[in-house]
Amino acid sequence: MRFHADQLQVLLVFVKDDSQCKGFRKACEKAGFKYTVAPEVQTVLTCFLAANHDIIIIDHRNPQQLDALTLCRSIRATQLSENTVIVGVVRRRDGEESVMPLIHAGFTRRYVENPSLQACYVELLQLEFGEVRSQLKLRACNSVFTALEKSHDAIKITGEDNYIQYVNPAFETTVGYASGELLGKELAKMPLNEKKADFFSTINSCTKMGKAEKIMDSVHSDAPTVASQRRHSSLARIHSMTIEAPITKVINIISAAQENSSLPVMEALDRVLEILRSSELYSPQFEAKEGDPHTKDLIGGLMSDGFRRLSGNEYTLSTKNLHQISGSLLTSESLHNIPPRIAEAMENDDDWDFNVFELETATQKRLWKPTTTPPNPYHNSTHAAHVLRATAYFLCQERIKQALDSVDQAAALIAAAVHDLDHPGRTNLFLCNAGSPLAVLYNDCAVLESHHAALAFQLTAREDKSNIFKNVERNDFRTLRQAIIDMVLATEMTRHFEHINKFVNSVVKPLAELEESEGSESNSCDVDTMLRSPENRTLIKRMMIKCADVSNPCRPLEQCIEWAARISEEYFSQTEEEKKLDLTVAMPAFDRNTCSIPKSQISFIDYFVTDMYHAWDDFVDLQELLQHLDNNFKYWKGLDEMKLRGIRPPPEPK
């Protein structure tokens with residue numbers, strides 16, 4: 001194991017490039033260290049988070065110009081600084097009383113000012129072979145123990161005397177004891193639960209066996225087609241997704257245990273997996289006893305929301321009414337008599353790269369007409385048109401057409417159009433912190449999404465000529481209405497990862513496993529049945545509108561940049577209003593004067609978009625979108641690196 005970095009990185013925080021700063025710069029060059037000079041306090045934290053320097057040297061000689069103690073505390077507040085060495089440069093006349101404030105602030109050591117090259121060079125060498133090397137060892141140990149903690153295999157570490165020094169969570173589960181009960185004791189003298197130990201041993205062996213079998217299969221099989229290569233790699237990526245929820249881990253353990261089980265056990269575990277993949281794990285499915293009308297009425301009247309339940313909380317619509325409803329939603333308005341300029345802007349509207357900004361210009365921003373004043377930079381009708389277009393594009397894909405019926409499609413298009421209706425240009429957290437009427441009305445829960453859906457139906461009921469549902473029968477309208485509301489509420493971000501996990505575990509993984517088997521006729525029927533179940537159709541629709549809602553990073557670069565600028569402007573405005581109203585700032589990074597748009601985009605793509613779009617691509621097969629996503633991510637990363645190095649970025653593409 002290597003306990004040294006290839007090239008140590010040093011961050012020099014000096015307001016002025018004086019002789020002391022120059023001494024450390026030359027010493028870094030002599031020692032072969034990579035260094036960065038940060039003359040502005042507001043850039044220090046951003047610079048450190050981007051490069052994770054091994055050493056930070058902060059000028060503490062003039063507290064009026066640079067508050068080194070506060071800056072050090074800010075750096076120490078970040079998780080990355082745990083193994084960073086921070087040095088404070090003090091004046092010669094500063095006595096020993098300056099030591100304790102430095103220690104309390106988080107400094108590792110102090111350096112009494114001496115600008116000579118030799119003194120600075122010796123200081124850096126002492127740091128390299130002292131504190132830095134120790135911190136690198138600690139960092140390596142932390143990485144090892146993090147890997148052990150996350151390992152699914154049971155692991156223990158004992159000393160030469162066989163006394164236990166460490167056990168990971170998997171080992172605790174295996175033997176049935178907590179770590180506190182095991183540390184310092186001999187395992188041989190502990191009464192273990194043999195059945196539990198055997199069970200987890202079987203799971204580990206099954207997992208390893210499965211991996212070995214797949215490796216052997218790939219060695220002995222004939223050259224696979226491009227499609228099969230992609231299918232195998234997709235399945236591997238699905239199973240390695242990092243957004244595992246606790247229920248996901250349970251499902252994976254059961255799936256592994258199935259591989260080495262008898263047929264009756266396998267069938268029983270299949271049923272268990274089917275239940276675990278349902279949407280409502282804790283909602284019982286009541287069935288009143290025959291001849292007990294009172295219980296039946298009580299269950300129906302008190303515990304039902306008026307929809308006929310098929311299973312879990314999914315709603316069904318009689319197939320005989322599908323064509324009738326889709327026909328009754330059609331309007332008599334014609335799109336033939338539109339101005340030529342708008343018609344030209346609408347050409348190629350079935351192309352993913354369709355530019356909605358050209359349509360916005362052609363309509364002279366009439367798309368922006370809001371009920372709020374002034375119009376929002378981002379959450380306006382142009383965004384609604386953008387999401388509607390993305391949803392329509394997804395609906396044209398073969399996999400989606402295989403899964404969704406015409407009513408699903410109508411619900412999806414309506415939900416996309418209204419999903420941000422009457423958006424105030426502020427986040428849910430802002431509205432809750434401000435105690436807005438909407439937050440009070442909706443009890444601080446999915447405030448905006450509830451408002452968008454409610455207002456959409458209020459508007460349709462306001463005038464007969466705008467009521468697109470007026471020809472739909474009451475029961476069918478309630479089913480359609482529920483589908484629209486469910487999709488709009490799915491755009492609320494607090495349940496983002498929950499929606500992705502449900503989609504991956506209930507749709508993508510089972511589908512991939514079915515398609516891994518031979519393509520028999522019965523297998524094809526199984527795929528259709530799985531895709532068209534009410535539960536899975538709901539999950540597909542939720543995932544579809546979520547991907548459409550945040551599709552900006554998957555667009556051509558010039559569109560991606562424009563959307564990034566618009567959402568940033570909206571967040572800047574919110575931050576300014578929060579400060580003006582003395583509210584808690586929901587997103588401090590979005591300060592107009594200090595925000596790095598490239599960093600915000602990198603974080604958004606990394607945290608929210610990448611895994612979701614890979615899961616969506618595994619289901620729908622949209623390589624073009626992933627290519628845009630990859631290109632745009634590289635653009636933002638490159639732009640960020642150029643800014644950190646002080647290189648003037650190239651002009652934005654037109």
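The values are calculated or read from the model by the stated rules, or taken from the named source; none is laboratory data. Because the structure is predicted, anything quoted here is derived from the model rather than measured. Positions of Cβ are backbone-derived with ideal geometry, glycine not excepted, and every protein chain shown enters the neighbour counts. For the accessible areas, the whole protein counts, side chains as well, though only heavy atoms, and no ligand, DNA or RNA atoms are used. Shrake-Rupley method; radii C 1.70, N 1.55, O 1.52, S 1.80 Å.
Tabulated data for the structure shown
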{"quantity": "Qualifying residue in region 511-518 (condition: more than 18 Å from Leu273 (Cα to Cα) and either at pLDDT 90 or above or of a type outside the set (D, E, K, R) (or both))", "calculated": "yes"}
{"quantity": "Hey, Leu80 open to solvent by less than 60 Å² (accessible area, probe 1.4 Å), part of a helix (DSSP H, G or I) and either of a type outside the set (Ser, Thr, Tyr) or within 30 Å of Pro246 (Cβ to Cβ) (or both) or not", "calculated": "no"}
{"quantity": "Single residue of region 350-367 satisfying the filter (surrounded by fewer than 19 Cβ atoms within 10 Å (Cβ to Cβ) and within 29 Å of the chain's Cα centre (by Cα)) that is modelled with the lowest pLDDT", "calculated": "Asp350"}
{"quantity": "Residues that are touching a strand residue (DSSP E or B) at 6+ places or on another chain (Cβ under 8 Å) and not polar (S, T, N, Q), drawn from region 17-28", "calculated": "Asp17, Cys21, Phe24, Arg25, Cys28"}
{"quantity": "Subset of region 451-476 that is crowded, with 19+ Cβ neighbours inside 10 Å and among the aliphatic types (A, V, I, L, M) - its residue that is farthest from Tyr378 (Cα to Cα)", "calculated": "Val472"}
{"quantity": "Qualifying residue in region 536-556 (condition: touching a Cys at 6+ places or on another chain (Cβ under 8 Å) and surrounded by fewer than 20 Cβ atoms within 10 Å (Cβ to Cβ))", "calculated": "no"}
{"quantity": "Residue match in region 431-450 (condition: touching a residue at least 60 places away in the same chain (Cβ under 8 Å) and either open to solvent by 30 Å² or more (accessible area, probe 1.4 Å) or not β-branched (Val, Ile, Thr) (or both))", "calculated": "yes"}
{"quantity": "Residues of region 606-617 satisfying the condition of being open to solvent by 30 Å² or more (accessible area, probe 1.4 Å) and over 17 Å from Cys560 (Cβ atoms)", "calculated": "Asp611, His614"}
{"quantity": "Residue count for region 114-139, restricted to those that are within 24 Å of Arg91 (Cα to Cα) and surrounded by fewer than 19 Cβ atoms within 10 Å (Cβ to Cβ)", "calculated": "11"}
{"quantity": "Exclusive hit being open to solvent by less than 50 Å² (accessible area, probe 1.4 Å), of a type in the set (Ser, Thr, Tyr) and on the phi < 0 side of the Ramachandran plot, set Ser573, Ser603", "calculated": "Ser573"}
